[in-house]
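Presented below is the structure to which this report refers.
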Amino acid sequence: MSLSRKTALAGVYEHPARFAPNKSMFQIMAESVRGALDDAGLKIQDVDGLCTTGMGMSGMGIVGFCDYLNLTPNFVDSTSIGGSSFVAQTAHAAAAIAAGLCNIAVVVYGSTAASQRFAIGTGGAGLGGGDPCDQYEAPFGPTTVGAYAMMARRHMHEYGTTSEQLAEIAVTMRLHASMNPAAKYRDPITVEDVMASRIISSPLHLLDCCIISDGGGALVVTSAERARDLKHKPAYILGCGETVRHPARGRRDFMEMAAAQSGRLAFERAGVIPADIDMAMIYDSFTITVMMTLENLGFCKRGEGGAFVSGGRLRYDGALPINTDGGGLSSNHPGMRGIFLVIEAVKQLRGECGPRQVKDCELALCHGTGGALGTRHSGATLVLANQ
Amino acid sequence: MADEKSDQKKYAKPLPRIDEENRPWWEALKRHELYIQKCRDCGDLRYYPRALCTNCLSPRTEWLRCGGKARVYTFTATMQNQAPGFREALPYIMAYVELDEGLKVLTNLVECKPDEVKIGMPVEAVFEDATPAVTLLKFRPAR
């Protein structure tokens, strides 16, 4: 059974807040739901599916949010696999709609990471919890950035990748942010600026790392048929894939990511290949995340990422534009960025992106990475089209 | 996490939670010995220790003595970590080392500076007695 073109994104909304000390997480989420429903031309009473999760939320947070908005949906999903969660939840909502479990699903996210001073990713907080695996990691002081930095070091060793090549990615994201009025950091930077910024965890510099902001957003998923009757041209869901990677009992090849599997599934299910994609939203927790994800999704061969990201290829006017909103490196990163990947892809497919609009954008890919590449992570891929 | 409150006071970094499933691993480290698990049915080696073989789900496990020789698979010098115990120890080196037995282990490299570390460099186990109850497996350049 294929999911292709049975469902679509009918509404999207990115909350403009980047620092919102006077708002609760649930308020940001509720305002995002309103924004996405307005965008679709729907009412809160139309919603019968709800998907959410968040770092600031309790394990039953989705029930609490339904309470906050007085919702009693027929479908709930609080899949929590890190920053990729909202990409996976979009796919789950699509499958639920195709299976007749609900008709109008909202995927929503909100966070006050910056105003509450969460030490997310770049903040350099320690990783570790109470799971069995944590007992063999937490004593050694792993950090999120450190777990990615170890992958960058290995990539440099295996393939000769340079810090300058990684810096190209940060420079391109900042260029895109300069064309996004909502982005947190909009002043252009150079490769030299990235190289001169302090090392957080070698070989990654401060400007190789995502920023910390508040923020939120929401998406409306419905059947393709229903979406065609709503306000905007639908962004059809063509294919999806998700999986996880971990140390594999001590045997993992760490240069292989979840993206290799989730991407293959999404491309197969969508019936397209990487060369068909007009623009991609690639989770950019760190510059190395982008380079390895592009390799693992098959946009270039493993080890060729350094050359691939050079020469402006990733710019909005390049051969493979990525993260045209400025990404987590420059626009916003409230801790779990997956929802913004889908929002910007939909805006690009609608042609709403103004100066950063990708020309003739008909087919877009979103790939979320959640967790830490160097320990455990999830990957979720979506392929979207405007026809 | 820690067995005794007094340990926590002196030793600020997180300590592992020792339970029936992992006790042989931690007790071996306390004796300054390194053992990894091997499935008695299919022979698959695994790290970290767990009750069932991930290859065949057999609960029949033997412990294989390791020589503690390894090579650096990758590493990072951590310059920023606000967590107690680590913020005082900056910069410290996080690494994956690959044991001669073929398993990759997350650890700290000690007795060396970050600029002395190279991927592929031979390293050897050192047993760091963090508290009276817990010994941690770390690695240093091979002598």
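The values are calculated or read from the model by the stated rules, or taken from the named source; none is laboratory data. On a predicted model such as this, the values are computed, not experimentally measured, just so you know. A quick note on method: Cβ atoms are made from the backbone with ideal geometry, for glycine too, and the neighbour counts reach across all protein chains shown. Accessible surface is based on the protein model in full, side chains and every heavy atom, while ligands, DNA and RNA are left aside. Shrake-Rupley method; radii C 1.70, N 1.55, O 1.52, S 1.80 Å.
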**Prompt:** Taking the DSSP beta bridges in chain A as the whole, what percent of them are antiparallel, to the nearest 5?
**Reply:** 75 percent
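Assigning unit charges at the beta carbon (Lys, Arg +1; Asp, Glu -1) and nothing else, what dipole magnitude in debye, to the nearest 20, does the protein assembly as shown show about its Cα centre?
Rounded to the nearest 20 debye, it is 360 debye.
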**Fill in**
FRET efficiency (B:Asp44, A:Ala182; Cβ distance; R0 45 Å; to 0.05) is 0.35
**Asked** In the neighborhood of A:Val383, defined by Cβ-to-Cβ distances under 14 Å, what is the net charge if each Lys or Arg adds +1 and each Asp or Glu adds -1?
**Response** -1
**Request:** Estimate the FRET efficiency between B:Asp115 and B:Gln82 by the formula 1/(1 + (r/R0)^6), using the beta-carbon distance for r and 22 Å for R0, to the nearest 0.05.
**Result:** 0.35
**Heavy-atom accessible area order for A:Tyr148, A:Tyr316, A:Tyr68, largest first, 1.4 Å probe** = A:Tyr68, A:Tyr316, A:Tyr148
**Item:** Residues of region A:291-322 with amide N under 20 Å of a point placed 7 Å along Cα→Cβ from A:Glu362
**Value:** A:317-322
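Within 11 Å, Cβ to Cβ, of A:Ile81, how many net charges do the neighbouring residues add up to if Lys/Arg are +1 and Asp/Glu are -1? The partial results should precede the final answer.
Working: positive: A:Arg376; negative: A:Glu242.
Every neighbour counted, the sum reads 0.
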**Prompt:** Which percent of the accessible heavy-atom area of the protein assembly as shown goes to carbon and sulfur, probe 1.4 angstrom?
**Reply:** 50 percent
**Request:** Please calculate the 1.4 Å probe accessible area of A:Ser115, with all protein chains present, and give it to the nearest 10 Å².
**Result:** 30 Å²
**Evaluated at q = 0.14, 0.20, 0.30, 0.34 Å⁻¹: base-10 log I(q)/I(0), Debye formula over Cα of region B:53-93** = -0.67, -0.75, -1.01, -1.09
**Asked** Using a Gaussian network model of chain A with C-alpha springs under 10 Å, which one of A:Gly100, A:Gly82, A:Gly327 is most mobile by mean-square fluctuation?
**Response** A:Gly100
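Which FRET efficiency value, to the nearest 0.05, is calculated for A:Leu265 and B:Thr54 with the Förster distance at 22 angstrom and r the Cβ-Cβ distance? Don't skip to the end; give the middle numbers.
Values: r = 22 Å, r/R0 = 1.02.
Efficiency computed from Cβ-Cβ geometry: 0.45.
For region B:67-143, give the share of DSSP beta bridges that are antiparallel, in percent and rounded to the nearest 5; count only bridges with both residues there. Walk me through the numbers on the way to the answer.
On the way: 24 of 25 bridges.
Percent antiparallel among DSSP bridges in region B:67-143 is about 95.
Does region A:130-196 classify as rounded, prolate or oblate by the C-alpha gyration tensor (a ≥ b ≥ c root eigenvalues; a/c under 1.5 gives rounded; else a/b over b/c gives prolate, otherwise oblate)?
Oblate, since a/c reaches 1.5 and b/c is not below a/b.
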**Message:** How large is the accessible surface of A:Glu31 in square angstrom, using a 1.4 angstrom probe and rounding to the nearest 10?
**Reply:** 30 Å²
**Message:** Under a crude label model (7 Å from the Cα following the beta-carbon direction), how far is A:Arg5 from A:Val191 in nanometres?
**Reply:** 4.3 nm
**Prompt:** In region B:83-107, which residues give up 50 Å² or more of accessible area once the other protein chains are added, compared with their chain alone (1.4 Å probe)?
**Reply:** B:Met94, B:Tyr96, B:Lys104, B:Leu106
**Item:** Whole-Å distance, taken between Cα centres, linking region A:14-85 and region A:140-190
**Value:** 30 Å
**Message:** Let's test this: bin the Cα-Cα distances of region B:17-65 at 5 Å from zero up to the farthest pair and state each bin's percent.
**Reply:** 5, 24, 32, 23, 12, 4, 0
**Complete:** Around A:His232 (Cβ within 9 Å, Cβ-to-Cβ, excluding A:His232; K/R +1, D/E -1) the net charge comes to +1
**Given A:Lys23/A:Lys359; B:Lys38/B:Lys113; B:Lys38/B:Lys69; B:Lys10/B:Lys104; B:Lys69/B:Lys118; A:Lys6/A:Lys301, the pairs whose alpha carbons are separated by over 25 Å** = A:Lys23/A:Lys359; B:Lys38/B:Lys113; B:Lys10/B:Lys104; A:Lys6/A:Lys301
**Request:** Compute the Cα gyration tensor for chain B, then decide on rounded, prolate or oblate, letting a ≥ b ≥ c be the square roots of its eigenvalues: rounded whenever a/c is under 1.5, prolate when a/b is larger than b/c in the other cases, and oblate in all that remain.
**Result:** oblate
**Fill in**
Connecting every pair of Cα atoms under 10 Å apart in chain A and solving the GNM, the largest mean-square fluctuation among A:Val47, A:Val221, A:Val108 falls on A:Val47
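Explain nothing, just the number: dipole magnitude of region B:17-65 about its Cα centre with +1 on each Lys and Arg Cβ and -1 on each Asp and Glu Cβ, in debye rounded to the nearest 20.
Numbers: 10 positive and 8 negative charges, 22 e Å.
Result for region B:17-65 is approximately 100 debye, rounded to the nearest 20.
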**Asked** How large, in Å, is region B:67-143 by the Kirkwood hydrodynamic radius built from its alpha-carbon pairs?
**Response** 12.8 Å
**Item:** All Cα pairs of the protein assembly as shown, percent lying beyond 39 Å
**Value:** 26 percent
**Item:** Choice from B:Asp41, B:Asp129, B:Asp115 showing the highest fluctuation, given a GNM over chain B with Cα pairs closer than 10 Å
**Value:** B:Asp115
**Asked** What is the magnitude of the charge dipole of region A:254-387 about its Cα centre, with +1 placed on the Cβ of each Lys and Arg, -1 on the Cβ of each Asp and Glu, and no other charges, expressed in debye to the nearest 20?
**Response** 200 debye
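Rounded to the nearest whole Å², what accessible area per residue is found for the protein assembly as shown with the 1.4 Å probe? Each step should come with its number before you reach the end.
On the way: 19850 Å² over 530 residues.
Result: 37 Å² of accessible area for each residue.
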**Request:** Please tell me the relative contact order of region B:17-65 in percent, rounded to the nearest whole number, where contacts are Cα pairs under 8 Å and at least six residues apart.
**Result:** 34 percent
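Roughly how much accessible area, to the nearest 100 Å², goes out of reach of solvent when B and A pair up, both sides summed, probe 1.4 Å?
Numbers: alone 8580 and 14720 Å², together 19850 Å².
For chain B against chain A, roughly 3500 Å² becomes buried.
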